[in-house]
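Encoded as structure tokens, the structure appears first; notes follow it.
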Amino acid sequence: MKHSIYLVLLLCFSFSSAQIKGNATTISRQNVIHAESLGNANTYGNNLNTFRQRNLMPNPVITIDVKALNNIVADSYTAVFNLVQIGETAEATNKLMNERVNSVKNSLATQGIVSNDIIIDVISFVPVYETVVEKKLFSKTYTEVPKGFELQQNLHIKFKKVNQFEKILATCAKNEIYNLVKVDYFINNIEAVYTKLRVEILKTLKEKKQFYNDLGFDLTNYKPTMADIKYCHFPKEFYKNYQAFNSISLEALKQNKGVIKAKKQTSYYYDPLSFKAYDIVINSSIVEPVIQIGMEIKLQYREKPETPKPIEKVKEVIRNKYFVLSKDGELIAKELKLEN
């Protein structure tokens, strides 16, 4: 009885864990994504044990680095849609295109997106040709003749709230606009973001310097060198894909029949920069895709060489001498004393 209860509890725990992890970390061996891309869960155990067993080697160079990350929700977005219109004449093609675009503008105006937030970018307006076969007595001739016109435009739609995007998609689909090219993210004052990161980095640097001073290292006796970097990443740079499926068919194996492979759906998910390597993270709880702006600074302190003491220069004393010739012809040298 105890064994049965334990087995039930174990199955329940396994099921609940799988639901919490999600498909991205429980995909089958046949999936596209590799184990090293699954995030932190794949590296905690081995790396932690390896670090604990590693011998720490003293280093005469003191390194102080600070990494800061700020997750910023965009102030505005721009969605770009591509649409193509074909017509028999240039006038008819342009008219059909204007009807579709005006319908989108009118519908979005009721959603708070004004006409000034919708820009049309004309890409091309070219004639469309068709090959016509002309039969002759002993041969055939293939001739291209104009059959209509093709107008291609990009529709730039600016919006400020994420929940507006769903309405934009629905409106465009209603007007047979399905090709979403991209979505751009914008920040009104990015300099203010960098200024805030600098302030936070300076606070952390002071705390780390104080830590070394408390350990007995007087950093004023060290010569510092510095390196720094800043970067900005947008959500489109951090989308990963995988295929969650299991193609094992026991029934097909039993019947000794071939397996017809089905098309596997590729899933995409947003996987931003992990904040485990950062000292400072502003707005760490991410719900929607954000712009990730980071700054890093590294200081290295090398002990200053001892300044050699100056060598005192011995003053050379010049003693003046004069020579006297005695009666016997002997040359006698005598010091000449001069009064200052």
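Quick notes on this structure:
- Across the stretch 286-298, the number of residues qualifying as at pLDDT 90 or above and part of a loop (DSSP other than H, G, I, E, B) comes to 2.
- Checking each residue in the stretch 180-211 for being in a helix (DSSP H, G or I), open to solvent by less than 60 Å² (accessible area, probe 1.4 Å) and either of a type in the set (D, E, K, R) or in contact with a helix residue (DSSP H, G or I) (Cβ under 6 Å, 6 or more places away or on another chain) (or both) picks out 200, 208.
- Scanning the stretch 84-107 for residues that are within 17 Å of residue 178 (Cα to Cα) and touching an Asp or Glu at 6+ places or on another chain (Cβ under 8 Å) yields 84, 85, 86, 100.
- When the stretch 147-175 is filtered for residues that are open to solvent by 90 Å² or more (accessible area, probe 1.4 Å), farther than 26 Å from residue 291 by Cβ and modelled with pLDDT of 90 or more, only 174 remains.
- Taken over the stretch 157-178, the criterion of being of a type in the set (A, V, I, L, M, F, W, C) and under 28 Å from the mean Cα position of the chain (by Cα) is satisfied by 157, 159, 162, 165, 168, 169.
- Residue in the stretch 224-231 that is within 23 Å of the chain's Cα centre (by Cα), among the small types (Gly, Ala, Ser) and under 16 Å from residue 299 (Cα atoms) present: yes
- Among the conditions (1) farther than 24 Å from residue 198 by Cα; (2) open to solvent by 50 Å² or more (accessible area, probe 1.4 Å); (3) at pLDDT below 90, residue 214 misses just one, which is (3).
- Filter pass, residue 168 being of a type in the set (A, V, I, L, M, F, W, C) and closer than 25 Å to residue 91 by Cβ: no
- Top-ranked residue in the stretch 79-88 [being in contact with a helix residue (DSSP H, G or I) (Cβ under 9 Å, 6 or more places away or on another chain) and either under 30 Å from residue 197 (Cβ atoms) or of a type in the set (S, T, N, Q) (or both); ranked as least open to solvent (accessible area, probe 1.4 Å)]: 79
The values are calculated or read from the model by the stated rules, or taken from the named source; none is laboratory data. Since we're looking at a predicted model, the values are computed, not measured. Glycine also receives a Cβ, built like all others from the backbone with ideal geometry; neighbour counts cover every protein chain displayed. SASA here: full protein model, heavy atoms, side chains in, ligands and nucleic acids out. Shrake-Rupley method; radii C 1.70, N 1.55, O 1.52, S 1.80 Å.
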